[in-house]
2 protein chains.
Amino acid sequence: MSGGVSPLAPASFPTLPSVGGVRLAVYEAGFKYQQRADLMLAALPDGTTAAGVFTKSLCSSAPVDWCREILPNGTARAVVCNSGNANAFTGRAGETAAALTAELVAAILGVTPRDVYLASTGVIGETLPEDLLSQTVPALAEHLGDSHADAWHEAAKAICTTDTFPKGASVAGPGDTTIVGIAKGSGMIAPDMATMLGFVFTDLTVTSDVLQAALTTAVDASFNRITVDSDTSTSDTVLLFATGHADADALTSTSDPRYDEFVAALQVVSLDLAHQIVRDGEGATKFVEVNVSGAASNDAARTIALAIGNSPLVKTALAAEDANWGRIVMAVGKAGEQASRDDLAIWIGPEQVTDGGMVRDGYSEERASAHLQESEVKIRVDVGIADGAATIWTCDLTHGYIEINAGYRS
Amino acid sequence: MSGGVSPLAPASFPTLPSVGGVRLAVYEAGFKYQQRADLMLAALPDGTTAAGVFTKSLCSSAPVDWCREILPNGTARAVVCNSGNANAFTGRAGETAAALTAELVAAILGVTPRDVYLASTGVIGETLPEDLLSQTVPALAEHLGDSHADAWHEAAKAICTTDTFPKGASVAGPGDTTIVGIAKGSGMIAPDMATMLGFVFTDLTVTSDVLQAALTTAVDASFNRITVDSDTSTSDTVLLFATGHADADALTSTSDPRYDEFVAALQVVSLDLAHQIVRDGEGATKFVEVNVSGAASNDAARTIALAIGNSPLVKTALAAEDANWGRIVMAVGKAGEQASRDDLAIWIGPEQVTDGGMVRDGYSEERASAHLQESEVKIRVDVGIADGAATIWTCDLTHGYIEINAGYRS
């Protein structure tokens, strides 16, 4: 983690509850960072089911390829994550290192390697060193312990790279169950150190097909609605594990009335983690919500909202606390989705800026600017076509972003 | 124009030749700027044909809408351009102001308003003031003169906004004809002051359908292959006029052997102007050529090249002269076009970085970094699928970009 904590960070890391069956360990392996844990293991009990969502990058990393390959089994006994080295774009040697990692973890836990999920985050183009893996992964065994609050905190710190704070969230699931997640990421999504990773655990019993359906829905409404710089990592991964250790009936069908409850709870954790990633956006000084309504469809609304949220011109204006709504019009126009120029309505915070295709009578730039001086900013746009709506979250684009990304690695 | 000239600017404005039949005038109207000309008129002789290519923005400006409406006539007697006010997102009042501008120009030239092309560039959301138009447009008549070198220079300066230098180019056309172009733009394409405008003139006689075909082809190979910040203006416009004043046979068919010669010449002027716009990219310190080969199609190659050229992470690395090729892999991966990870080859300048899906044996980061210290940078990527190829041009992303765009308007 970097020195200065983001001004948008939560006051403290949350106190996360144990998830029955989950045991955690961290270790200072020294892949890149010194004097901090950079290796995290979550051991999972027999019967654990797994679901995963991965980067759409066509140049995905060796660990992502490994996870994609084992996911159809639907079972899991561990997830291991290292920070400092992404093991991405490393060819055959990277595949071998990934397989070795799974074998080493499997050996200490007495499970099959194909039940071991992998994640690596850090520099692209360097293979994970096999010697170091062989020396350090077995040491994790001695450190395994219950998933109590401190252990979650240590695990969340071990997976960080350029993050300025560790990220965790929890919520009660259906019945007397628990959902806990940890995540890392501080750009959406920088290719080197700012890959987005999320690991979510529940003690509910859920069949793997139902678990996958729930995760896909929750990710679509959370991690897939944030953007920091429009870039996509080779390693983005969200994994969800269900240990079945709670005293609750198994969730085996999406038509079970508890399914919607489970998805809603999962969304709470996912959205909390996703918002924390935006709050740690590289150089961010504003947490920005963009809401688009009146679009031809919900997908069209999301495309327009992301066009606004990804526009460097909108983001630099927000950094300057400048109510430069012309740049919002520009972003709507370039999104390529239907929008009625003559019905377009734009709000900056509570202040309506435009109405009927021009500046609203009585629009106050002072009121709009006052809203932009806050650290949490809302932009709302109605494009006047139909009922499609979507909300996305982003941050501003500052000198800090250039500083971090033009400076890193040099 | 701004104070400091881009470090990538040409040494001087070129000496542009007259184009038979074209008369030019500029005037200090005072739409926004003071003590500089901000209104430019090119009067065209009877028989002039016109072609145009406009922004794809769905929120296009009133002048763009006006030009689109009159373009099917295929004839032109004038083009008038003001800087400082884009007359965009101004509703009915903007349409009225646009029509008034055309009428005022038509009156001084004794032509029909529907032969008067319009362009406005500047702040969005403010209607062109009718009083000021009525007071200043007629004054242009007294200033009309031949299109000699100084007049082109004055015209190129009058259309500038955040540009740090005026942009012009010329080339010989088929036979003894001439093609001259002027342009403005310093972001691709900022919504306020950095709209891209290009006005190109030839004394060849060309029928309007052939002229349109030639312009579409030339723009696709030039203005549509540059990117500064991935944003799209509401006002982008390229217009081409053929006066027919040269002593050469009319070009009336795309199967005329001189057609290819004309298109090639037009591309030379268009690409020269497009490169000048990139060289004036907001905050740019590097002129960057991105060449992609081995793609599934030429369009796929262009998509991948633009993904690289638009990536904030690639652009900040270039600003830092950091041979961070992992970010190029990331950009290829996110482009969504077919790429063979295991055949991907990347060059930074003359230095081949990767081969066969990993770092090349003998790759020298020193040699790659040495290339990045130059002000003209070349990135080449072969994605190993088929024969599709494309080249695009962009610039780096620096603190200067943030400075200009977070500071403007405040």
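Computed from the coordinates by the stated procedures, all read-outs in this text should not be read as laboratory data. Since the model is a prediction, treat every value here as computed from it, not as a measurement. No Cβ is skipped: glycine too gets one built from the backbone with ideal geometry, and neighbour counts run over all protein chains shown.
Quick one: Cα convex hull volume of the protein assembly as shown, Å³ per residue?
Cα-based convex hull of the protein assembly as shown, divided per residue, equals 155 Å³.
Which three semi-axes in whole Å describe the equivalent ellipsoid of segment A:23-279, each the square root of 5 times a Cα gyration tensor eigenvalue, listed largest first?
Semi-axes, largest first: 26, 20, 17 Å.
Place a +1 charge on the Cβ of each Lys and Arg in segment A:23-279 and a -1 charge on the Cβ of each Asp and Glu, then give the dipole magnitude about the Cα centre in debye, rounded to the nearest 20.
Computed about the Cα centre, the dipole is about 420 debye.
Working only with C-alpha atoms, what are the Rg and Dmax values of segment A:42-114, expressed in angstrom?
When restricted to Cα atoms, segment A:42-114 yields Rg and Dmax of 12.3, 34 Å.
Arrange A:Lys157, A:Lys167 by Cβ neighbour counts within 10 Å, fewest through most, would you?
So the ranking, lowest neighbour count to highest, is A:Lys157, A:Lys167.
Counting only DSSP beta bridges with both residues in segment A:23-279, tell me the antiparallel percent, nearest 5.
Close to 65 percent.
At 7 Å along Cα-to-Cβ for each site, give me the label-to-label distance between B:Ser253 and B:Thr15 in nm.
The answer from the label model is 4.0 nm.
Semi-axes of the equivalent ellipsoid for segment A:251-344, please: Cα gyration tensor eigenvalues, times 5, square-rooted, ordered largest first, whole Å.
Each semi-axis is √(5λ); the values are 31, 20, 9 Å.
Quick one: Cα centre-to-centre distance for segment B:358-410 and segment A:369-410, in angstrom?
Cα centroid to Cα centroid, the span is 25 Å.
If each label sits 7 angstrom from Cα along the C-beta direction, how far apart, in nm, is B:Ala99 from its counterparts in the other copies?
Going from nearest to farthest copy, the values are 7.4 nm.
A:Gly362 label points, 7 Å along Cα→Cβ, one per copy: pairwise distances from this copy to the rest in nm, shortest first?
Counterpart label points of A:Gly362 in the remaining copies fall at 7.5 nm.
Roughly how crowded by other chains is peptide A:394-406, in terms of the mean Cβ count from those chains within 10 Å of each of its Cβ atoms?
5
Using only atoms on other chains, find how many Cβ atoms lie within 10 Å of each Cβ of peptide A:337-349 and report the average.
If you average over the peptide's residues, the count of other-chain Cβ atoms is 2.
At 222 nm, what helix-only mean residue ellipticity would chain A give, in deg cm²/dmol to the nearest 500, using -39500 (n - 2.57) for each DSSP H run of four or more?
So the helix-based figure for chain A works out to -9500 deg cm²/dmol.
Among all helices in chain A defined by DSSP H, which have a length of 15 Å or more along the axis from Cα atoms plus a Kyte-Doolittle mean of at least 0.5?
Length and hydropathy pass: A:91-109, A:208-220.
Using a 7 Å offset from Cα along the direction of the beta-carbon, what are the separations from A:Thr254 to the same position in each other copy, nm, ascending?
4.7
How high is the relative contact order of chain B, in percent, with contacts defined as C-alpha pairs under 8 Å that are six or more residues apart?
17 percent
Can you tell me which of A:325-334, B:320-329 comes out highest on packing, and rank the rest after it, using the mean Cβ neighbours within 10 Å?
A:325-334, B:320-329
Can you pull the Rg over Rh of segment B:287-407, Cα-only, Kirkwood?
0.97
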